[in-house]
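Read the structure below first, then the notes.
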Amino acid sequence: MDPSAEAAGSEASDLQAAAVESRPIGVFDSGVGGLTVARSIIDQLPNESILYVGDTAHGPYGPLPIAEVRANALGVMDELVDSGVKLLTIACNSASAAVLRDARERYTAKYGIPVIEVIQPAVRRAVAATRSGRVGVIGTSATVGSRAYEDTFAAAPDLDITSVACPEFVSYVEAGITTGPALLAVAEQYLAPLKAAGVDTVVLGCTHYPLLTGVISYVMGADVTLVSSAEETAKDVYRALATHNLQRTETAAPEHHFVATGDAGQFEALARRFLGPEVLSVRHVDHVAAQYPTGSLARITPEMIAAAQRAGTRQRISNFVGSSVTGGPGQ
């Protein structure tokens, strides 16, 4: 038997056999942005273990059609649940906008696994923080186009919401660039509508964006409050664990595991820079079940793939189902 496969099977068995409260928190994103959420969870819950998946083979999710985001996100989460996590954290605004209701029906209602996302916690904080009632939201094209933030802010109708898509911000972060004149020029262009609207609070509606707080704060000015979805999401994770009595009580040090569906070396370099020494190594997997091969959940359905095919705009391969998703020109 292949030693790596044997080790993966052993690790999966250990996870499944562990008491529920001892199991890791599952965190996933399309890339490195979700590491800001993982960092906040580790800071606020230092006794908890993390299993982080960066779906870099399919990310970033921001430019993709919603149907394709949904297919990829549910595929990752199915396999995280398969692996034995005790809680799911959708550390991606695009995925949160696309699949939150499905995820809570699929995992919370059926398996009792809490699902935490990044939109509602940030909105709650922004409502409490604004002084003028004028709030800005910046996010990926998928997040802004979904109007998920506007829908969530609807509970506070007295607020004036200005949303701006900032797609190139993700590209800069994924390339490891968080400063410099080119980034500053892009930021000034993107943030101009928010300055014109006179917002006093800006929601960083993408988990990549906390890594750009320096340039965003510089452009917007010191009087504008930046709301990080990462910090607020970690607070919701804390509340969920406490509410469901899922806190890890072991005295042994927690273990953090990081896997990437794309280039593990590139992901590891960025992860070490943005998260720190907790990233001991990053393993490449075609899908999470290759690392945690329990196989008890069905993967994404043919109907979901068909929806992604109809909405797709470029050709791409789904490692989760082993079939191609055919799109139009542009690949």
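Brief remarks on what is shown
- Any hit, the range 85-103, residues being touching a residue at least 40 places away in the same chain (Cβ under 8 Å), acidic (Asp, Glu) and either surrounded by fewer than 19 Cβ atoms within 10 Å (Cβ to Cβ) or farther than 23 Å from Leu211 by Cβ (or both): no
- Selected residue [on the phi < 0 side of the Ramachandran plot and either in contact with a Leu (Cβ under 6 Å, 6 or more places away or on another chain) or modelled with pLDDT of 95 or more (or both)] from Phe267, Phe274, Phe258: Phe274
- Residue count for the range 35-66, restricted to those that are crowded, with 23+ Cβ neighbours inside 10 Å and part of a helix (DSSP H, G or I): 6
- Just so you know, in the range 244-260 the residues that are among the hydrophobic types (A, V, I, L, M, F, W, C) and not in a loop (DSSP other than H, G, I, E, B) include one that is nearest to Glu48 (Cα to Cα), and it is Phe258.
- Condition met for Arg106 (surrounded by fewer than 24 Cβ atoms within 10 Å (Cβ to Cβ) and either closer than 21 Å to Val259 by Cβ or in contact (Cβ under 8 Å) with a residue 12 or more places away in the chain (or both)): yes
- Residues satisfying the stated conditions in the range 199-242, i.e. more than 17 Å from Ala187 (Cβ to Cβ) and free of Cβ contacts under 8 Å to residues at least 12 places away in the same chain: Arg239, Ala242
For (1) in contact with a helix residue (DSSP H, G or I) (Cβ under 7 Å, 6 or more places away or on another chain); (2) within 19 Å of Ile42 (Cβ to Cβ), each residue gets a yes or a no:
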position	(1), (2)
Ala182	no, no
Ile216	yes, no
Ser229	yes, yes
Thr233	yes, yes
Asp236	yes, yes
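- Residues that are surrounded by 17 or more Cβ atoms within 10 Å (Cβ to Cβ) and not aromatic (Phe, Trp, Tyr), drawn from the range 168-177: Val170, Val173, Glu174
- Test: Val115 is in contact with a helix residue (DSSP H, G or I) (Cβ under 7 Å, 6 or more places away or on another chain) and open to solvent by less than 20 Å² (accessible area, probe 1.4 Å): yes
- Residue match in the range 188-200 (condition: of a type in the set (A, V, I, L, M, F, W, C), open to solvent by less than 20 Å² (accessible area, probe 1.4 Å) and either modelled with pLDDT under 90 or closer than 19 Å to Arg125 by Cβ (or both)): yes
- Verdict on Asp160 being at pLDDT 90 or above, over 21 Å from Ile216 (Cα atoms) and acidic (Asp, Glu): no
- Unique match (being among the hydroxyl-bearing types (Ser, Thr, Tyr) and loosely packed, with under 15 Cβ neighbours inside 10 Å) among Ser141, Ser132: Ser132
The values are calculated or read from the model by the stated rules, or taken from the named source; none is laboratory data. All values reported here derive from a predicted model rather than from experimental measurement. All Cβ positions, glycine included, derive from the backbone under ideal geometry; neighbour counts span all protein chains shown. With ligands, DNA and RNA removed, areas are computed over all heavy atoms of the protein, side chains included. Shrake-Rupley method; radii C 1.70, N 1.55, O 1.52, S 1.80 Å.
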